[in-house]
Every structure is written in structure tokens, then in C-alpha cells.
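All remarks here apply to the structure that follows.
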There are 2 protein chains.
Amino acid sequence: MPASKKIQDSIERASWIRKMFEEGSARKAKFGAENVFDFSLGNPNLEPPAKFDQALRELAQSSVPGLHAYMANSGLPETRQAVADYLGRQNRATFTVDDVVMTVGAGGGLNVVFKTILNPGEEVIIPGPYFVEYNFYLDNHQGVPRVVSTKPDFSLDFGAIADAMTEQTRAVLINSPNNPTGNVYDEKEITQLGELLVESSEKLGRTIYLISDEPYRRIIYDGITVASIFDAYQESFVVTSFSKDLSLPGERIGYAAVNPAMSDKEMICAGMVLCNRILGYVNAPAIMQRILPELLEESVDVSLYKKKRDLLCDGLASFGYEIKKPGGAFYLFPPTPIADDVAFVAALQEENILTVPGSGFGGPGHFRIAYCVEDRVIEKALPGFERVMKKYQG
Amino acid sequence: MPASKKIQDSIERASWIRKMFEEGSARKAKFGAENVFDFSLGNPNLEPPAKFDQALRELAQSSVPGLHAYMANSGLPETRQAVADYLGRQNRATFTVDDVVMTVGAGGGLNVVFKTILNPGEEVIIPGPYFVEYNFYLDNHQGVPRVVSTKPDFSLDFGAIADAMTEQTRAVLINSPNNPTGNVYDEKEITQLGELLVESSEKLGRTIYLISDEPYRRIIYDGITVASIFDAYQESFVVTSFSKDLSLPGERIGYAAVNPAMSDKEMICAGMVLCNRILGYVNAPAIMQRILPELLEESVDVSLYKKKRDLLCDGLASFGYEIKKPGGAFYLFPPTPIADDVAFVAALQEENILTVPGSGFGGPGHFRIAYCVEDRVIEKALPGFERVMKKYQG
């Protein structure tokens, strides 16, 4: 067998997603890209803020030696200090450079944290629907995902989380604002989750970590705030990237930060720096680290995403889709009018509307619409959404 | 236990290297950085070529939409095409975009290849002395390193390689020009290695891959050429980065390429693209991919490294060190005049000369001098090298 058994299986399992993607490409070729409405990818359509372009131009003009040289695996001290200061403004605690490791996006950051803490076979509890890439990230380090359901409104089901705790549990992983649901946990939920983790850690006689994957933290609407994980629970990590708020997904820049009050912090941080190195990332890309300090309070114009959300939600609701406007990210995850979400997504595809079945996120009976697209894509797709709904309303 | 067992062990094992590093830092603080001669790191001291700066400036000035957006996990088609064309000029075969995956440096590329091909417990044969980071990269994917000695002149010992082949062997990993020895395998050796691998694959009834880690391919001296792995063996991968030849180690840009004639190439390449994604790299940094096509034939001024090599080699040889000028990279790996390489390196440290014991590379009785430093560092360090040699010559 040429590829490893596991990778060969993964390639085969991934084939239906590839088929969907190929079907989409075929439709674009046949009907013209402008007549296919692609809501299948979480690829931000906004450009980075003007201040980013300016910072990049300034860096490119400068002639400081060593701009692209090796650095400590944790990242540039000035960048980590700027992130630490930023975190200090966002949370009650005070952060230092030692609490921050710059990473190759949030994907890199999650792998670094998982490799640091997981012994083979240890479990991570994930409230679903969830970003299924987590399964791969855990498996990379022989970790095991334990997916628990959220309530119908996607809020945390504390009973389900408590029931999933075992002697093998190492962490709970949350993602808020959430991909695929757009749901944002409120402060009360995060506080209660912290309390549950204190209790569970005591009961099991081991530290259960809280890992918060937060790349959408700044993509929020309607005056909602995203609660501080660090304020709510001592044994916590935040992992994030600048892929969404600065629209830089291709540049692979993010960070992992630990709670300054974390137990055994020195060892955990040494482990994270080592893992950043030995996983082959070595360090986060230098050029992005150099311009980040000026950009930590910047983000794309979120009102543009809000406009898209409202346009789409109002349209879909008027056709009879069951819509609750999510508080963050750029995804809708409505129930499908028929139980078979794969069939429903196929019906939308007949209208040249590309979405993803909820089954792909551990949320069958739903479908995900990524609305980080041009407004006109939404406008032109709405009649197709209406026709498909009418078809199933009989 | 807060960190995983394995990571905790690794942190503890890494402590002597850290102690060395800390001792160096303490000496710099005490004696002044200019009076400590740091040959311990393979950190290129030359700046990137002027053409790189220009390409970066032009990119920063441009206002093409989507410059920093997501892309296929394999990388930008135009970048992969440029690399394919470059490989076509360097090897007999013709390459296509499908033969190239852009990676987060060579570290990322090696992890991608290892994860693609290795089942747990499978072995990779590595001629030593070698870059010990390979041990971590293999362990990430539950692979097992089988280190075999080279001959005293660091040329390949085919008998040792053949003896190391087992039912579990999956690949042979070479690194030429070599870190830590600077040795370059000649064309005859590479041809013979290809023949051995054909034989071994037949005998064992499974494909044994050849993986060539080539970040120093363009750092060569005295008219030496680096033989083509692709010309010599069908089942081969080349992994490389632009860290050394363009002096961009902080930017994490490289690629992995497969032999266009590789068996089951489609599955292997699909596996590599999948692994680039699921290992959390997602894709190589966009900005570097965009400027690379203009820079594939560029490199730093290698004559400057040659000057350093000659200055150092001639000096050391005149003091009685056993020196053979290596054909590539920017390392010397001479035998230590006493058997205990750790003690010898400690004696050099007393002269404020920082090097690394050969034991750290599976080559005890040697020490590594990374001469990618300012000429004056070499000049000022030579008297110290002389004094230490005199001490042991009695």
C-alpha cells in the first residue's frame, strides 16, 4: 500500500466532499461562475484593512537586517509582548510574553496545544455541531474526540458535558463564535462551564483543560460580547488566528495563549514552544509577526458581514426557512425542511446553490451556508432558495 | 501530569542543549556579545538577495484582490507551475503542478511526506551523522528512525544500509549537502543508492521510498554538483526550503515534490495535500508563494560562504585540526582531538567559542561549527581554537 492505511482511508472518506466540490466546479464550468452561488467555503470575501496594506508596504520598504531570519520558536518578543498587552486589555489578568506562542494560524496553534497535553488515547470533549477538522487534529496526536450535543438553540448542554467526563478526559474544546452555527456562548454559560470544569477536575483528580478556539471573536453582531475564557477558568488556553478578522487566511498567522494563572504553566509553555518546533512549523511566518503589533485592534468592516447576514436571514425567513439570526461568524446553520440534509443540499445544488450538509459537522438535519460572499451572490441565490423550499412544502 | 508524558520527557532531554544555550547567553551578557563567537546555530547571516526585496516591495504595492486569501492546500497553481518548470530544468524528467506541494518550510514538507507514507512502527533508514530533528518528525507519525553509520569520510555505507532493511522499512532519508557534516554525495553514490533501493524493494516486496532533504542544494563550492535523486530512483521525494539559499528561514516556505514517474503517484499526492491540511499547516504562507516564481534561480552570494569556509578551514588545519573542506552547506564537522566531544566543546566554550558536540548529531568524537557568521567572528575566534588545540596536544 503506497500511502499509509490511515491516510488512504481518509482520502476515501473525504471523497464525497470532493465529489460535491467537483460537482460545483463542473456547474461553474457549465453555467458560468457568476451563475453558481457558492456558499460552501468559509473563505472571507473582504480584503484586509487598509492599515494592513500600509504596514506591509512600510515593512517592504525598510532595510532592517534580519527581517526574515530565524527566531525563537515561540516567536518575536515584540510581537508576543504586543499580543500580551492586547490580551491584558481584553481580560482581567495581566499577560507576559511567556504566556503567548505565535503559531501557523489557529490550525497550528490547536495542534501545538493538543500535542503538548495529550497522552495517546486521552479524550477531548467537543460540543457539536463542530468544525470536524478537530477530529484530524486530535488524531494527529492520538487524541480521541468525544462529541456531545448542544441544545436545539446550540447553547451548551452541561448535563451532556458532565456525562461525557471520564478518567481519560483531558480537555473541553469550544469554538465561539461557532463554525458551523454562528452561535456565541453568553457569559453565564462560560462561567457555568468554568464551574463545571473546576468540579470535574476535582472529582477526577486531574486537570481538565478548557481550550477555546476563537478565530471569529471579532466577527460579532448586534452588540453581543464574547465572554472571556481566561476570566472564567484558570486552566485555559485561547487559540486564534488573524484569518477572519484581518482576512489573512492564506498567510497562516495566529497564536496560542495560556491563562497567566495556569498550574504548571512553565512546563506547559515549554511544551508548546517545543511542539511548535518539532511539529515542523518551527515558528509563525516572520513577516506577519512583524506587522501584527500595529494591527491588533484592527479588523475588517464587520458591518458588511452583518448586512449579508440580514439580507440572507430575512430572505430565507420569508420563504419559510426556520431562521434565528446568529450572533457571530459568517455562517447560518438552519434546519433542513426534510430530515435528509444531504438530499436537501443536493436539491439546492440543482439550483446552482452550493452549501454543506450539516452531517459534515456532526449536525444532521441542518445545512451550513457560509455567507462571506458578495452581496449580489446572496441576492441572486434567494429565488433558488425559495423554489427549493416550495418544492418541499408541497 | 500537566504536559503529556512524551513531551515532558522531551523537555527534560532537551535540557543539556538549553544549558549550553543559556551558558552562551550568560557569556554574552558577561563578556559582551562581540566577544563571544557563536558557531552553534545554522542561522544564515547573509541577507536575502536584492531581487527578493524588490519582489516583496512590488507585491506590497500591488492591489490585486485576494492576495492573502485561502487557496488550495497544495498551494498556488502559478507557484507550483514555476517550481515544476524549475525542477524540469534541474532533472531529466518533466514535472507538472500535480507533482509539487508548497509547504511550511522543509520541516513542514518532511512531516507531510512522513505522515503520508508511514504506518505506525514503520522504519526510515537515516545515514548518520544526521539532523536529529528527524527523530521528532518521525515520532510525530509513530515512525521509527534506523540510523546507520556512514564511512569515516561521510560517504554512504551501502552494506550498512542494506543490513538495516527490514520488513518494516518504508524509506531511506538522505540530506545532501549534509547538516552537520557539509558532505555532498556524488553522482555515483546516488546512482548506487537508487540501485540498492530497486533491489531492496523487490526483495522485500514493497516500495522503499527515497526522501531527499535538500535545503542546502544551492550552497555548494568548488564546482561540485549535487546529483539528481529523481534521475536515480523512481520512488523518490525531494523536500526543500528557501531558508538557506534565499536566507528566508523565518518565513517558513518550501516544497515537497514527487518523482513524476512514481508508482501510485495520484494517491501519494492526494495524501500529501490532505496531510498539509490536517497537520494544521493548511497551506504555505501566501505572500512568499506569490513572490517565489521570480526567485527560483536566485540565491545568496555563495562565494561569501566559501570565503568563510576557507578562512576557517585553513586556520584550523594550521593549528593541527583534522580538516577536509566540505563541498556544501555551511558546517564543518571535524573530529575532536579527544574522544569526549562534550568535554572538548566545553573547553572551546571557556574561550567563548560556542559549537555543538557531535553526539548531538549521532556523530560522537566530532563537533559542529556553523560558519554562517560574520568573517570577523571567524577571525577573532581562531586564536581560541588554537589555544584549545594546544592544550590537548600537550
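Using only protein heavy atoms and a 1.4 angstrom probe, determine the accessible area buried between B and A, summed over both sides, in Å² to the nearest 100.
Numbers: alone 17380 and 17380 Å², together 29250 Å².
The B and A chains share an interface burying roughly 5500 Å².
When each copy gets a label point 7 Å from Cα toward the beta-carbon at A:VAL144, what are the spacings between them in nm, shortest first?
2.5
Give me a comma-separated list of calculated 3J(HN,Hα) values for the range A:70-79, in order, Karplus coefficients 6.51, -1.76, 1.60 applied at θ = phi - 60°, integers in Hz, x for any Gly or Pro.
Couplings: 4, 8, 4, 4, 6, x, 6, x, 5, 6 Hz.
Give me the net charge of B:LYS28's neighbourhood, meaning all other residues with Cβ under 12 Å from the Cβ of B:LYS28; Lys, Arg count +1, Asp, Glu -1.
Numbers: positive: B:ARG27, B:LYS30; negative: B:GLU22, B:GLU23, B:GLU34, B:ASP38.
Here the count lands on -2.
Report the accessible area of A:MET267, computed with a 1.4 Å probe over the heavy atoms of all protein chains in place, in Å² rounded to the nearest 10.
Accessible area of A:MET267: about 50 Å².
Per-residue HN-Hα couplings for the range A:371-377, Karplus 6.51 cos²θ - 1.76 cosθ + 1.60 at θ = phi - 60°, whole Hz, x for Gly and Pro?
Whole-Hz 3J(HN,Hα) from phi for the range A:371-377: 9, 7, 9, 4, 3, 5, 5.
Only helical DSSP H runs with n ≥ 4 go in: add -39500 (n - 2.57) per run for the protein assembly as shown, normalise by residue count and round the 222 nm mean residue ellipticity to 500 deg cm²/dmol.
On the way: 28 runs with 336 residues, N = 788.
Theoretical 222 nm ellipticity from helices: -13000 deg cm²/dmol.
How much accessible area does A:ASP38 have with a 1.4 Å probe, in Å² rounded to the nearest 10?
Accessible area, nearest 10 Å²: 40 Å².
Under the rule a/c < 1.5 gives rounded, and otherwise a/b versus b/c splits prolate from oblate, where does the protein assembly as shown land using the Cα gyration tensor?
Working: a/c = 1.83, a/b = 1.59, b/c = 1.15.
Prolate, because a/c is 1.5 or more and a/b exceeds b/c.
When each copy gets a label point 7 Å from Cα toward the beta-carbon at A:ALA317, what are the spacings between them in nm, shortest first?
8.2
Over the protein assembly as shown, give the accessible area per residue in Å² for a 1.4 Å probe, as an integer.
37 Å²
If you find the alpha carbon centre of the range A:343-394 and of the range B:13-55, how far apart are they in angstrom?
Each part reduced to its Cα centre gives a spacing of 55 Å.
Taking A:LYS325 as the anchor, which aspartates and glutamates have their alpha carbon closer than 14 Å to its alpha carbon, excluding any fewer than eight residues away along the same chain?
Once the sequence-local aspartates and glutamates are set aside, what remains near A:LYS325 is A:ASP153, A:ASP222, A:ASP310, A:ASP314.
Averaged over A:249-255, how many beta carbons belonging to a partner chain fall within 10 Å of each residue's beta carbon? Each step should come with its number before you reach the end.
On the way: counts 7, 16, 8, 9, 2, 0, 0.
Per-residue shielding by partner chains comes out at 6.
Set the bar at 23 Å for Cα to Cα. Now go through B:LYS188/B:LYS307; B:LYS151/B:LYS188; A:LYS115/A:LYS203 and name every pair that lies beyond it. Can you show the working numbers first?
Numbers: B:LYS188/B:LYS307 28 Å; B:LYS151/B:LYS188 15 Å; A:LYS115/A:LYS203 25 Å.
With Cα atoms farther than 23 Å apart: B:LYS188/B:LYS307; A:LYS115/A:LYS203.
Can you pull the percent of the range B:87-200's accessible area that's carbon plus sulfur, 1.4 Å probe, other chains left in place? Show your work: numbers first, answer last.
Working: 1890 of 3840 Å².
Of all accessible area on the range B:87-200, carbon and sulfur atoms account for 49 percent.
Amide H to amide H, which residues 5 or more places from A:THR103 or on other chains are under 5 Å from it, using H placed in the peptide plane?
HN-HN under 5 Å from A:THR103: A:GLY254, A:TYR255, A:ALA256.
In terms of modelled amide H atoms, which long-range or inter-chain residues lie less than 5 Å from the amide H of A:ASP38?
Under 5 Å from the amide H of A:ASP38: A:LEU354.
GluC sites (Glu not before Pro) within the range A:304-387: which are DSSP loop residues with at most 15 other Cβ atoms inside 10 Å?
Working: sites: A:GLU322, A:GLU350, A:GLU351, A:GLU374, A:GLU379, A:GLU386; in loops: A:GLU322, A:GLU351, A:GLU374.
Answer by residue number: A:GLU322, A:GLU374.
Counting only residues 5 or more places away or on other chains, whose amide H sits under 5 Å from the amide H of A:PHE367 once H atoms are built in the peptide plane?
A:THR336, A:GLY358
Please give every one of the aspartates and glutamates within straight-line cross-link reach of B:LYS390, meaning a C-alpha to C-alpha distance under 15 Å, and leave out same-chain neighbours fewer than 8 residues apart.
Those aspartates and glutamates meeting the cut-off are B:GLU322, B:GLU350, B:GLU351.
Loop only by DSSP, 15 or fewer other Cβ within 10 Å of the Cβ. Give me the trypsin sites (Lys or Arg not before Pro) in the range B:80-178 that pass, ordered by residue number.
Values: sites: B:ARG80, B:ARG89, B:ARG92, B:LYS115, B:ARG146, B:ARG170; in loops: B:ARG92.
Of the trypsin sites (Lys or Arg not before Pro), the ones in loops of the range B:80-178 whose Cβ has at most 15 other Cβ atoms within 10 Å are B:ARG92.
Applying the Karplus parametrisation 6.51 cos²θ - 1.76 cosθ + 1.60 with θ = phi - 60° to the phi angles of the range B:109-115, what ³J(HN,Hα) value in whole Hz is obtained for each residue in order, glycine and proline being reported as x?
Rounded to whole hertz, the list is x, 5, 4, 5, 5, 4, 5.
The values are calculated or read from the model by the stated rules, or taken from the named source; none is laboratory data. Just so it is clear, the model here is predicted, and its values are computed rather than measured. No Cβ is skipped: glycine too gets one built from the backbone with ideal geometry, and neighbour counts run over all protein chains shown. These area figures cover heavy atoms from the full protein model, side chains too; ligands, DNA and RNA do not enter into them. Shrake-Rupley method; radii C 1.70, N 1.55, O 1.52, S 1.80 Å.
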